[in-house]
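Below is one structure, written out as structure tokens; the observations come after it.
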Amino acid sequence: MEIADVVKRAYAMPLTNPSFPPGPYRFFDREYVIITYRTTREALEAVVPAPLEIDGEPLVKYEFIRMPDSTGFGDYTESGQVIPVRFNGEHGVYVHSMYLDDDAPIAGGRELWGFPKKLANPKIVNEGEVVVGTLHYGSVLCATGTMGYKHREADREQVTAALNAPNFLVKIIPHVDGTPRICELVRYHLTDITLKEAWTAPAALDLRPHVVADVARLPVLEVVSALHFTADLTLGLGEVVHDYLAGAR
């Protein structure tokens, strides 16, 4: 393989057999269970990276997401935490943690955008009149969310506005000597959104300590609200909005 061929083919690893195809990526019938809860400001201040700022109250959105049909990434489930933030006056969310059960979206998410993805076993199931979300890391139960099944229709405009808001990530790629080669604040958007249904109901959330799946680092003080909805959407590619290493080069 010639040098020019390496450069031409090098969009992902491994070079000759990448773990995922080029994007963007379309999702069909994506199912969300999002439980918003109040935590401590001190806990958020310890994990939200500048130049992002905590947006108002110390809130966290714990998400269980079922992806039954997506281009390139297939069928998988995800769970994690996002935090409402501001960036230069723009309201959005910072993606703090993500746990999922499929290799391709883990590799693609980390390599392209910098999603903080780890391999685990999240689930969403319906049990009678309750929607149940769980996250296991190995044999250990780390998160349980329960929500009433389709009690009241949610405000569709608010749900769509939240989906349209920008999302922020910290992308880290180390150098071969272990020092950071890339350390950037990345912004991305969901696009071409078709909201199919949206519901709200009472909910409960239990987060348990785990040394690797540390969702309990942001403790639950009070559940504020919950949403259960499905949508078709496109995961757009990102842009760098801050380079943490710019002054060090």
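The values are calculated or read from the model by the stated rules, or taken from the named source; none is laboratory data. Every value quoted in this text rests on a predicted model; they were computed, and no experiment measured them. So basically every Cβ, Gly included, is an ideal-geometry build from the backbone, and we count neighbours across all protein chains shown. Surface accessibility is based on the protein's heavy atoms, side chains included, excluding ligands, DNA and RNA. Shrake-Rupley method; radii C 1.70, N 1.55, O 1.52, S 1.80 Å.
Among the strands (runs of 3 or more DSSP E) confined wholly to segment 1-88, which include 3 or more residues that are closer than 29 Å to residue 192 by Cβ and among the aromatic types (Phe, Trp, Tyr)? Steps first, please.
Details: elements: 25-38, 59-67, 76-87.
Counting at least 3 such residues, we get 25-38.
Going by the structure shown, is residue 9 touching a Ser or Thr at 6+ places or on another chain (Cβ under 8 Å), closer than 30 Å to residue 203 by Cβ, of a type in the set (D, E, K, R) and surrounded by 12 or more Cβ atoms within 10 Å (Cβ to Cβ)?
Values: touching a Ser or Thr at 6+ places or on another chain (Cβ under 8 Å): yes; closer than 30 Å to residue 203 by Cβ: no; of a type in the set (D, E, K, R): yes; surrounded by 12 or more Cβ atoms within 10 Å (Cβ to Cβ): yes.
In short, no.
What are the pairs with Cβ atoms under 8 angstrom where one residue, in segment 1-13, is touching a residue at least 12 places away in the same chain (Cβ under 8 Å) and the other, located anywhere, is surrounded by 10 or more Cβ atoms within 10 Å (Cβ to Cβ) and hydrophobic (A, V, I, L, M, F, W, C)? Sequence gap at least six, or different chains.
Here the result reads 12/20; 12/107; 12/112; 13/107, each pair linking segment 1-13 to a residue that is surrounded by 10 or more Cβ atoms within 10 Å (Cβ to Cβ) and hydrophobic (A, V, I, L, M, F, W, C).
Just for segment 211-223: of the residues that are out of contact with any helix residue (DSSP H, G or I) (no Cβ under 7 Å at 6 or more places or on another chain) and open to solvent by less than 60 Å² (accessible area, probe 1.4 Å), which one is nearest to residue 94 (Cα to Cα)? Outline the logic, then answer.
Residues of segment 211-223 out of contact with any helix residue (DSSP H, G or I) (no Cβ under 7 Å at 6 or more places or on another chain): 211-216, 220-223.
Checking the rest, the ones that are also open to solvent by less than 60 Å² (accessible area, probe 1.4 Å) come to 212-216, 220, 223.
On the way: 212: 20, 213: 18, 214: 16, 215: 15, 216: 17, 220: 18, 223: 19 Å.
So the residue we want is 215.
Residue by residue, here is whether (1) at pLDDT below 95; (2) open to solvent by less than 60 Å² (accessible area, probe 1.4 Å); (3) of a type outside the set (A, V, I, L, M) holds:
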| position | (1), (2), (3) |
| --- | --- |
| 170 | no, yes, no |
| 179 | yes, no, yes |
| 183 | no, yes, yes |
| 186 | no, yes, no |
| 189 | no, no, yes |
| 193 | no, yes, no |
| 200 | no, yes, yes |
| 203 | no, yes, no |
| 209 | no, no, yes |
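Take the residues in segment 87-99 that are of a type outside the set (A, V, I, L, M, F, W, C) and either crowded, with 23+ Cβ neighbours inside 10 Å or within 14 Å of the chain's Cα centre (by Cα) (or both), then tell me which one is nearest to residue 242 (Cα to Cα).
As a first pass, look at segment 87-99 and keep what is of a type outside the set (A, V, I, L, M, F, W, C): 88-92, 94, 96-97, 99.
From the residues that got through so far, the ones that are either crowded, with 23+ Cβ neighbours inside 10 Å or within 14 Å of the chain's Cα centre (by Cα) (or both) too are 92, 94, 96-97, 99.
Values: 92: 15, 94: 14, 96: 17, 97: 20, 99: 25 Å.
Among those residues, the one meeting the criterion is 94.
So which residues in segment 189-247 are more than 18 Å from the chain's Cα centre (by Cα), assigned to a strand (DSSP E or B) and among the aromatic types (Phe, Trp, Tyr)?
The one that is more than 18 Å from the chain's Cα centre (by Cα), assigned to a strand (DSSP E or B) and among the aromatic types (Phe, Trp, Tyr): 199.
Of the residues that sit in segment 48-86 and are open to solvent by 20 Å² or more (accessible area, probe 1.4 Å) and in contact (Cβ under 8 Å) with a residue 60 or more places away in the chain, which one is farthest from the chain's Cα centre (by Cα)?
If we take residues in segment 48-86 being open to solvent by 20 Å² or more (accessible area, probe 1.4 Å) and in contact (Cβ under 8 Å) with a residue 60 or more places away in the chain, then 51 is farthest from the chain's Cα centre (by Cα).
If I ask for residues that are closer than 14 Å to residue 33 by Cβ and outside any helix (DSSP H, G or I), which ones from segment 141-188 would you list?
Those that are closer than 14 Å to residue 33 by Cβ and outside any helix (DSSP H, G or I): 143, 144, 145, 146, 147, 148, 149, 150, 151, 154.
Whether any residue in segment 100-119 is buried (at least 21 other Cβ atoms within 10 Å of the Cβ) and either more than 23 Å from residue 24 (Cβ to Cβ) or among the acidic types (Asp, Glu) (or both) is what I want to check.
Looking through segment 100-119, none of the residues is buried (at least 21 other Cβ atoms within 10 Å of the Cβ) and either more than 23 Å from residue 24 (Cβ to Cβ) or among the acidic types (Asp, Glu) (or both).
With respect to residue 105, determine if the residue is assigned to a loop (DSSP other than H, G, I, E, B) and touching a residue at least 60 places away in the same chain (Cβ under 8 Å). Step through it out loud before you land on a result.
Values: assigned to a loop (DSSP other than H, G, I, E, B): no; touching a residue at least 60 places away in the same chain (Cβ under 8 Å): yes.
In short, no.
If I filter segment 35-46 for residues that are open to solvent by 40 Å² or more (accessible area, probe 1.4 Å), of a type outside the set (Gly, Ala, Ser), closer than 24 Å to residue 112 by Cβ and touching a residue at least 40 places away in the same chain (Cβ under 8 Å), do I get at least one hit?
no
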